[in-house]
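Below: the structure, in structure tokens.
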Amino acid sequence: MKRILVINGPNLNLLGRREPGIYGSTGMDDCLADLRMRYRDTAEIAYFQSNHEGALIDRLHEVGFDSALTGIVLNAGAYTHTSLALADAIAAIERPVVEVHISNVHSREEIRHRSMISPVCKGVIAGFGLDSYRLGIEALLAME
Ligand code: DQA
């Protein structure tokens with residue numbers, strides 16, 4: 001059994017209610033239930049969400065040296081565009097991180113075009129709605 005951790009950053013606790021025209025009307029609970037069903041024979045999928053930069057960094061440190069963990073699917077929300085500290089944490093850990101975004105950040109405001117974390121992630125998936133999380137998991141499973 002593979003082990004995947006999905007991490008969501010700020011405001012993503014409001015998925016399903018937050019700007020549904022951009023992020024859709026499905027909540028993360030339903031998304032996770034679908035993912036856990038889909039990968040029930042392949043991968044255990046753990047989940048962590050925080051609105052706090054330091055809590056995200058703490059969690060990356062906690063799991064990031066665990067060789068039993070296949071990797072991390074990270075939607076860092078707006079910290080994607082601002083957080084050198086998050087980028088440093090991803091660079092520091094050993095487990096692979098796939099950056100995901102629900103929306104196509106490149107078709108949105110210019111400030112969302114820059115990612116602080118892309119250079120230290122294995123790759124980036126953006127623009128596929130909640131399916132971006134599944135694609136991130138697929139990428140991690142394909143890497144091993
Ligand atoms: C997001 C895109 C970010 O620009 C934004 O701040 C988010 C969500 C996405 O999943 O599309 O909070 O990461």
**Item:** Of residues in the stretch 84-129 being within 11 Å of the ligand (Cβ to nearest atom) and among the small types (Gly, Ala, Ser), the one farthest from Gln49 (Cα to Cα)
**Value:** Ser107
**Item:** Condition met for Asn51 (part of a loop (DSSP other than H, G, I, E, B), under 14 Å from the mean Cα position of the chain (by Cα) and either among the polar types (S, T, N, Q) or surrounded by 16 or more Cβ atoms within 10 Å (Cβ to Cβ) (or both))
**Value:** yes
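The numbers here are math on the coordinates, done by the rules we state, and not lab data. What you see is a predicted model, and the numbers here were worked out from it, not measured in a lab. Quick reminder, even Gly has a Cβ in these numbers, built from the backbone with ideal geometry, and neighbours come from all protein chains shown.
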